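Here's the structure, in structure tokens; my notes come after.
What follows is calculated from the coordinates using simple rules that are stated; it is not laboratory data. The shown structure was predicted, so the numbers you read here are calculated from the model rather than taken from an experiment. Ideal geometry is used to build each Cβ from the backbone, glycine not excepted, and the neighbour counts take in all protein chains shown.
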Amino acid sequence: MRGLETERTVSNVTIRRTLGIAGALWILVGYPPGSLSAQDSKDSPIPGDVVRVGRLGVFVPPPGVTVVAYGDFVDGTGEQLVVETLLDGTVLINPPDPMASPSPTVETVAPLATGECDDNYTDVSSKPWADTMQWWFHSSTTPPTLSVTEVVTDLRAGTQNITHEVNTCGRPDTVSATSNYNGSNTLPVNITNDGVCASNGDGTSEVGFGTLPSNFIAATCNWANLFFRTESDIRFNKNSIYTFTTGSCSGQFSSSYYVEGIMTHERGHTWNVRDFPSGHPNMTMGDANGQCPGLDDKRTLGLGDMLSLELVY
Ligand SMILES: [Zn+2]
């Protein structure tokens, strides 16, 4: 029998625990969001708890594992949630990342260049891939309105748009990131229907369609060990208020999302690039939401997208 489920929210951080037979006391965490450290407290989150901040959630991982959740929403915004369990059991929620950009309020002082080839904003996270990212597609999850063959073409193109730095700015591809598509399988994307990243990946980077809350376009969950990224799962939301389309955006309904464009953005997350704040509409990692027939369908990388990748790879 499943245990009792309890939940508390403090300062926008919600921790939910399913209690075992012993009936542990419920767990109040009173640290401010953004710098939550719950060291040596019986109120601390522990592996198996669910931590929720904003619209994202992560199962607390075992010691030595970091989980990075990205949600991309139909309003064009994105959110990130990082939960890291140190070897001593300390759970860090949204710890400051030494590679992350300074607060975006700094940049509002000077006028921003926003063109695809002159916006030089960068924002990346640590723990890169050490080698080729091997991935699979759970093809039986494809919506019946789409062709599996065309979806695979778009997913592979979206991945290569990142690893090959595909752009219209005349810049060469200099990043070392590589990927290998291993075909279709039936393993799960380790993201729940309410958008929560599993505590520990299964070691297989999986892409699929599935249920997420209706305001999601897609979600990416990344897992890392102490040093390197080890898995990146992506779920496209079948439950979105908008649909997906493949091939060209021309002639498509404006309410459709182009699979290749969204995949390119999610693959930016796979390779450590974070969501850019508002004000970067021509960046693949910016706030344009990738709807057809938008001016920027996100397939080609902007300068800031490439500079970000090049910081890590
Ligand atoms: Zn995003």
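FRET efficiency for the Phe228 to Asn182 pair, using the beta carbon distance and R₀ = 22 Å, is estimated at 0.70. How many nm separate the modelled label positions at Asn193 and His164, each set 7 Å beyond the Cα in the direction of the Cβ? Roughly 3.8 nm, to one decimal. Computed from the C-alpha gyration tensor, the three semi-axes of the ellipsoid equivalent to the stretch 130-288 are 21, 21, 16 Å, from longest to shortest.
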